Ligand SMILES: [Zn+2]
């Protein structure tokens, strides 16, 4: 019973986050104008669903890492019954995303989407008038 409540709660959180992502897209990009380490991920999946793998890699080179990590976690959970793999996966994903973010910021920022600067950001609107 407790597991069902957790699943329902997690599903509701996922639905709300997805809806928020489609409305305001990226909070960091919206507020300060700078893309975050996961910027481009939604566009990467949309490109992938349209069959354009090259564009998916261009939008976010690590689009494959999250489904891959999820698959590994599910397999691990069924084989061992625990979630200890997350102690390895999460730091690896964090390092991967920060490393790729540094490369993308140095090569694509501020003019190449999805790593372009948002001149319509909230801070600019407040400070710039
Ligand atoms: Zn972002």
What FRET efficiency do you get for residue 87 and residue 125 if R0 is 41 Å and r is their Cβ-Cβ distance, rounded to the nearest 0.05? 0.50
Say a paramagnetic label sat at a point 7 Å from the Cα of residue 14, along Cα to Cβ; which residues of the range 50-76 have their backbone N under 19 Å from it? 63-76
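Once you keep just the Cα pairs under 8 angstrom separated by 6 or more residues, what percentage relative contact order results for the range 2-128?
Numbers: 99 pairs, mean separation 41.4, N = 127.
33 percent.
Take the Cα gyration tensor of the range 1-91, multiply each eigenvalue by 5, square-root it, and list the three semi-axes largest first, rounded to whole angstrom.
Its equivalent ellipsoid spans semi-axes of 27, 19, 13 Å.
Each value in this text was obtained by applying a stated rule to the coordinates, not by laboratory testing. The structure displayed is predicted, hence computed values, not measured ones. So basically every Cβ, Gly included, is an ideal-geometry build from the backbone, and we count neighbours across all protein chains shown.
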